[in-house]
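Asker: Dropping the structure in here first, questions after.
The values are calculated or read from the model by the stated rules, or taken from the named source; none is laboratory data. Predicted model, so just to flag it, every value in this text is computed and none were measured. Counting neighbours? That spans all protein chains shown, and the Cβs are built from the backbone with ideal geometry, glycine included. Protein only, heavy atoms only, side chains kept; ligands, DNA and RNA dropped before computing areas. Shrake-Rupley method; radii C 1.70, N 1.55, O 1.52, S 1.80 Å.
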Amino acid sequence: MANFTMNNSLISIVTLLIIISSSVIASSDSPFIVAHKKATLNRLKSGAEKVSVSIDLYNQGSASVFVPAYDVSLTDDGWSSDIFKIVSGNTSASWERLDVGAVLSHSFELESNVKTVFYSTPAVITFRAPSKTALQEAYSTSILPLEILSEKPKESPLNLAKRLLANYGSLVSVISIVVLFVYLVATPSKSGAAKGSKKKR
């Protein structure tokens, strides 16, 4: 009787482990979507601020199986209509599928005449996984607060010189060395030629 009970307990434990492992495998066999959102500001001649938004979607897949994502939808509607107006593209997009290792990109442009600091929300991505019946959801990365129509301080000549030196310091050094080398090579020949002309006289 004790052996029968022990066998039943062992069978129950093995069955439970099989169920748990099956659920883990099923959960791992699903797409893993990574979305990177970025926005750049550009002051227009009209005085308005143009915001260029781009979002890249990447399917990293699962740990063991290459699983595509189906019915992929992107929504980035966190831009207040009181502050922005759409001038190019749409804040939403959809694709039939996103294969593992593939990248999908979406971009649009906004304009604003309102001076403010705007905090944009992450974009929402929904998709379907072959191993799951429910619609899956992912979010893009956040972006830094956007300082719309902010007054940028004028750069002082010293800071400008420092920035140019930091960006082009190595190039300036190389050019200076080359010029110095050419000068040193050319100088002895000129002096030698001058001495030769004096001796002939």
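Asker: Using amide H atoms built 1.01 Å from N in the peptide plane, name the residues 5+ places from ALA123, or on other chains, whose amide H lies under 5 Å from its own.
Answerer: SER140
Asker: How far apart, in nm, are the 7 Å Cα→Cβ label points at TRP95 and SER81?
Answerer: 2.9 nm
Asker: Please give the contour-minus-distance gain from THR141 to LYS45: 0.36 nm per residue of separation, less the Cα-Cα distance, rounded to one decimal in nm.
Answerer: 31.5 nm
Asker: Okay, moving on. Any idea of the accessible area per residue across the range 57-111, 1.4 Å probe, to the nearest Å²?
Answerer: Result: 55 Å² of accessible area for each residue.
Asker: Apply the a/c threshold of 1.5 to the C-alpha gyration tensor of the range 41-146 and tell me whether it is rounded, prolate or oblate.
Answerer: Prolate, because a/c is 1.5 or more and a/b exceeds b/c.
Asker: Express in nm, to one decimal, how much length is gained between TYR70 and VAL117 on full extension, taking 0.36 nm for each residue of separation and deducting their alpha carbon distance. Provide the component values of the computation, followed by the final result.
Answerer: Details: separation 47, 0.36 × 47 = 16.92 nm, distance 3.63 nm.
Using 0.36 nm per residue and subtracting the Cα-Cα distance, I get 13.3 nm.
Asker: How would TYR70, TYR119 rank on accessible area, largest to smallest, probe 1.4 Å?
Answerer: Result of the area sort, largest leading: TYR119, TYR70.
Asker: Hey, rough spin-label estimate for SER52 and HIS36, points 7 angstrom out along Cα→Cβ, what's it come to in nanometres?
Answerer: The two pseudo-label positions are separated by 1.6 nm.
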